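Read the structure below first, then the notes.
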Amino acid sequence: MSPDEYCHQKAARSGSSFYYAFRFLDPQRRRAIIALYAFCREVDDVVDECREPAVAHAKLDWWREEIGLLFEGRPRHPITQALAHHVETFDLSKEYFEEIIDGMQMDLDYDAYPDFATLSLYCYRAASVVGLLSARIFGFSDRRTLKYAHDLGMALQLTNILRDVHEDAMRGRVYIPLEELERFDVKPEDFRINLTRESHRELFSFQAARAREYYEKADAHLPADDRYAQRPGLIMAAIYRALLEEIERDGFRVLEHRVHLTPLRKLWIAWRTARSARKPR
C-alpha cells in the first residue's frame, strides 16, 4: 500500500463531511489535503483510542519526533511520507503540525475547560491551525484569507462541540466552559442523561450563537478574489451551518440523539456552494 493509499483509507473510514469538500480540488491539492486530514485523524485517534494516558502521551511524543523527521526529509510513517511531497509546494509550517499535536495533548490534560479563553486555545490548536494549513493548500492571494481560515476553524469546532456534547460527556469530557455551565445552572453530569431541560436549551442556544458569530466573521474576512480557491472551506462552512440550523430546529435536543445531515443533503449543499463560488476573471 502506498502512502497516498494509506491516507485515502484513513480518511474514508472516518465518514467525515470533509469528503464532500475535497472532491472539488485538483488531484495534487486533493492528495495534499487528504494527507493532512489523515494526519489529524491519526493523532486524534491516539487520544480517543488509548485508555492508558501514559501510552497516549508516549504516542504523541512519537508523533512530535516524526514531524521533526518530516521536516528533515526523513519521514518514516506513511502519512508523513505522503505529506513530504507537499510541505514545500504549499509552504506548510512545521509549527502548525506541532500545534495540532499540542491540541491533542490538551485532550489528555483537560477533561473539562474552565472558561472560553482556555477552550479557544484548544479550538485554535485542534481546528483553526488545520484551517490555516488547508488555506495554503487550497491557495490564496490575500492574507485576509488566513483570518477567514482561523475563524472558520473556530466555528466548525464549536459546532462539533455542540453536536457531540452527549457523546463527549460519555467519554468523560466536557468542552463547554464550566463557567458558562454555572451561569446557566447546568451540571456537567447533566450531559450524560438523555433529557433536555430549558436550562440546557438556553446554554446550547448561547453556544450556537457564538458559533454563528465565527461563521459570520470568517465570511466577512474572505476576499472575493480568493472565494473560488477556498471553495472547500466554503463547502464545509455551508454544511456545518446547515447542521447548526438543524440542531436549532430540533430544539437543541443534542443530549437525546445525534443530529446529522443525510449524505444526499451534504452533496446538494456542496454542489450548490461550489457552483456559487465563481472563478475570478
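Here is a yes/no grid of residues against (1) farther than 26 Å from L36 by Cβ; (2) in contact with a helix residue (DSSP H, G or I) (Cβ under 7 Å, 6 or more places away or on another chain):
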{"position": "Y228", "(1), (2)": "no, no"}
{"position": "I239", "(1), (2)": "no, yes"}
{"position": "L244", "(1), (2)": "no, yes"}
{"position": "E248", "(1), (2)": "yes, yes"}
{"position": "L261", "(1), (2)": "no, yes"}
{"position": "K266", "(1), (2)": "no, yes"}
{"position": "A270", "(1), (2)": "no, yes"}
Report task. Can you confirm whether the range 77-88 contains a residue that is over 30 Å from R183 (Cα atoms), modelled with pLDDT under 95 and of a type in the set (G, A, S)? Result -> no
Query raised in the report: Any idea which of T80, T145, T118, T89 is over 23 Å from P232 (Cβ atoms) and of a type in the set (V, I, T)?
Result: T118
Report summary line: With criteria (1) over 18 Å from R29 (Cβ atoms); (2) in the same structural domain as P53 (by TED's automatic domain parsing); (3) free of Cβ contacts under 8 Å to residues at least 60 places away in the same chain, V87 comes up short on (1)
Query raised in the report: Tell me, which residue of the range 205-230 that is in contact (Cβ under 8 Å) with a residue 24 or more places away in the chain and under 17 Å from D250 (Cβ atoms) is surrounded by the fewest Cβ atoms within 10 Å (Cβ to Cβ)?
Result: F206
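Restricting attention to the range 164-204, and to residues there that are among the polar types (S, T, N, Q) and surrounded by fewer than 16 Cβ atoms within 10 Å (Cβ to Cβ), which single residue is farthest from the chain's Cα centre (by Cα)?
S199
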**Report entry** Index of the failed condition, R136 passing every other in (1) touching a residue at least 40 places away in the same chain (Cβ under 8 Å); (2) farther than 22 Å from F24 by Cα; (3) of a type in the set (K, R)
**Finding:** (2)
Query raised in the report: What number of residues within the range 231-281 satisfy the criterion of being touching a residue at least 60 places away in the same chain (Cβ under 8 Å), of a type in the set (G, A, S) and within 30 Å of R171 (Cα to Cα)?
Result: 2
Report task. Confirm whether R258 is under 30 Å from I193 (Cβ atoms), modelled with pLDDT of 90 or more and either among the aliphatic types (A, V, I, L, M) or not in a helix (DSSP H, G or I) (or both). Result -> yes
Query raised in the report: Which of the residues spanning the range 237-255 are touching a Phe, Trp or Tyr at 6+ places or on another chain (Cβ under 7 Å) and either of a type in the set (D, E, K, R) or not in a loop (DSSP other than H, G, I, E, B) (or both)?
Result: A237, I239, R241
Report summary line: The condition from (1) surrounded by fewer than 14 Cβ atoms within 10 Å (Cβ to Cβ); (2) farther than 19 Å from L162 by Cα that R258 misses is numbered (2)
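The values are calculated or read from the model by the stated rules, or taken from the named source; none is laboratory data. On a predicted model such as this, the values are computed, not experimentally measured, just so you know. Note that we place each Cβ from the backbone using ideal geometry, even for glycine, and neighbour counts take in every protein chain shown.
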